[in-house]
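Laboratory data are not the source of any read-out in this text; all were calculated from the coordinates shown. Note that the coordinates shown come from a computational prediction; the quantities given were computed from them, not determined experimentally. Methodologically, a virtual Cβ is constructed for each residue, glycine included, from the backbone with ideal geometry; neighbour enumeration extends over all protein chains shown.
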Amino acid sequence: MDPSRRTRALALLTLLLALLAPALVALGSAPAEAATGRVRGTITGAHGDTNPKVKVSWFTEDWTYLGARKARGGGYSLVLEPGTYHLQFTDQRPAYDVEKYYPADVTVTVSSGATAIKNVRLRTGAAIGGVVTAGGKPAGGARIVAANKEQNSFETTANKQGEYALGGLPPGSYSIFTYDRRKQFVGKSTYLPRMKAGTFKKTNVKLTTKAGRFVVDLYAGDQPYPDVAFVTAVSKSNGQFWTEKAAHGSVTFSGLYPGKYTLVIPGAGGYLGGTLPVTGKVKKGRTSFGTLRLTRPGASVGGAVVDSKDASKPLSPVAVSLYDGTGALVASGTTAADGTFTVGGQLDTASGLTLVAQPSGGTAPYLRGAAYCKFGTTTIPGISVTAGQVTPLGVLSLPHLAGADQDASCQP
């Protein structure tokens, strides 16, 4: 071969190897990727339906939502990490379709490098329908909610003539709650026991009682409720519920059934929330006033963060985060100028918590301690807290980053 041609061939080979190197490295690293398995199966419906319009959602073993997608062609396929999952298959037809399938739940265990088969058959749900009137007139736009004992609810909206239908109900007993769009009339809930799959129950609703308006002042201890939060009022008379946004220390509900109420409210201002009774009561056709006060202090943890190489130097700003046993963030805060911190407040008695402290702010991981240095992370596992108490964690030392990761100007 001509020497010049040999030189050009060698140069071309070298260039090709350089271009292929990243791909070869990627191929070689494949075994290091997270192991996965697969779950797949067919989805069929009633009366020979082999291609139902379905959404498949998947959840962890404790029903934490992970994701969802549409299933097409009468089947589904998911690639998941090893573990146990709940899969839920939901008919995507409108709520008013009385032939709608009710949701199907299956549990599957996924193993690494294996395929699990779970075929799903959907069944026609129970259905209700009828006419809603408010004050003797068709209640166009009324909202109808069917709630079962498993705390699942299904809803639809009446047309302009007050007519409605609601399908896809799983078998069981239901309380039917109806809401007047104009919030002028209310009625008692309707109880439908032992509804069977594939059956229809005509259920007309008459709202004949004048609705009330309820203004509730909210307090956390002796201070106005400080947060903006969604609060739910639950009737002690019939279990019907209304949700509104609380702000500026109060919340207003309209269209309520007369009687006494409890509120479901989040904690705030260092006090625990919950389902709590309200002073005052709703009166028909009138505006009434009530008060709710959070009185049970939550749990907190407190301490201080200092330079690990000079304990006389407090560190700030340091982000302090508290996690529960599942890894969920339950409280967070930042150290004050003197390095101290207190985080929590809306925590109930618990154990197995973990605290993580690390630099924060626009200059992280730099902090001013003994000098302007880069700092790492401190983790404190196995923390227990008690409602109404601050658990002292003492002084926490934040380590300097070592070696080449440290700034050359750092002189601790």
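Things worth noting here:
- Gain on full stretching of the segment that runs from Thr379 to Asn204 - 0.36 nm per residue minus C-alpha separation: 57.0 nm
- By the helix-only formula, in which each DSSP H run with n ≥ 4 contributes -39500 (n - 2.57) and the sum is divided by residues, the chain has a 222 nm mean residue ellipticity of -2000 deg cm²/dmol.
- For the chain, the Kirkwood hydrodynamic radius from C-alpha pairs, put into Stokes-Einstein at 10 °C and a viscosity of 1.306 mPa s, yields a diffusion coefficient of 59 µm² per second.
- Acute angle (nearest 10 degrees) that the helix 3-28 long axis makes with the longest principal axis of the chain, alpha-carbon atoms: 40
- Alpha carbon centroid spacing (whole Å) that separates segment 274-331 from segment 53-77: 35
- Candidates His248, His47, His400: whichever shows maximal mean-square fluctuation once the chain is modelled as a Gaussian network with Cα springs under 10 Å: His47
- Length added when fully stretched, Thr252-Ser112, from 0.36 nm per residue minus Cα-Cα: 45.1 nm
- Using R0 = 35 Å, the C-beta based FRET efficiency linking Ala364 and Gln389 works out to 0.65.
- Put a dot 7 Å past the Cα of Lys55, heading toward its Cβ, do the same for Thr349, and the two dots end up 4.1 nm apart.
- Mean Cβ count within 10 Å, highest first, over the residues of peptides 64-70, 164-170, 95-101: 164-170, 95-101, 64-70
- Of the residues Gly83, Gly48, Gly339, the one that moves most in a GNM of the chain with alpha-carbon contacts below 10 Å is Gly48.
- Sites Thr44 and Arg69, calculated FRET efficiency, Cβ-Cβ separation with R0 25 Å, nearest 0.05: 0.85
- Lys/Arg +1, Asp/Glu -1 at C-beta; segment 126-209 dipole; positive extreme among Gln161, Gly136, Ser173: Gly136
- Positive minus negative residues near Ala233 (Lys, Arg vs Asp, Glu; Cβ under 12 Å): +3
- Candidates Lys284, Lys202, Lys188: whichever shows maximal mean-square fluctuation once the chain is modelled as a Gaussian network with Cα springs under 10 Å: Lys202
- Calculated translational diffusion coefficient of segment 273-361 (10 °C, 1.306 mPa s; Stokes-Einstein with Kirkwood radius over alpha-carbon pairs) equals 100 µm²/s.
- Label zone at Thr36 (point 7 Å along Cα-to-Cβ), backbone N below 16 Å, segment 89-129: 110-116
- Each listed q (0.25 Å⁻¹) maps to a log10 I(q)/I(0) for segment 211-294, found by the Debye formula over equal Cα scatterers with no solvent: -1.21.
- In sequence order, calculated HN-Hα J values of segment 43-55 (Karplus, 6.51, -1.76, 1.60; Hz; x Gly/Pro): 10, 10, x, 6, 6, x, 6, 9, 9, x, 7, 9, 10
- Percent antiparallel among DSSP beta bridges (both partners in the chain, rounded to 5): 80
- Taking each residue as 0.36 nm, the span from Glu150 to Asp324 lengthens on full extension beyond its C-alpha to C-alpha distance by 60.0 nm.
- If R0 equals 45 Å, the separation of the Cβ atoms of Thr340 and Asp97 corresponds to a calculated FRET efficiency of about 0.15.
- With K and R counted +1 and D and E -1, the other residues having a Cβ less than 11 Å from that of Tyr96 yield a net charge of -2.
- Cα-centre dipole for segment 299-403 with unit charges at Cβ (Lys and Arg positive, Asp and Glu negative), debye to 20: 300
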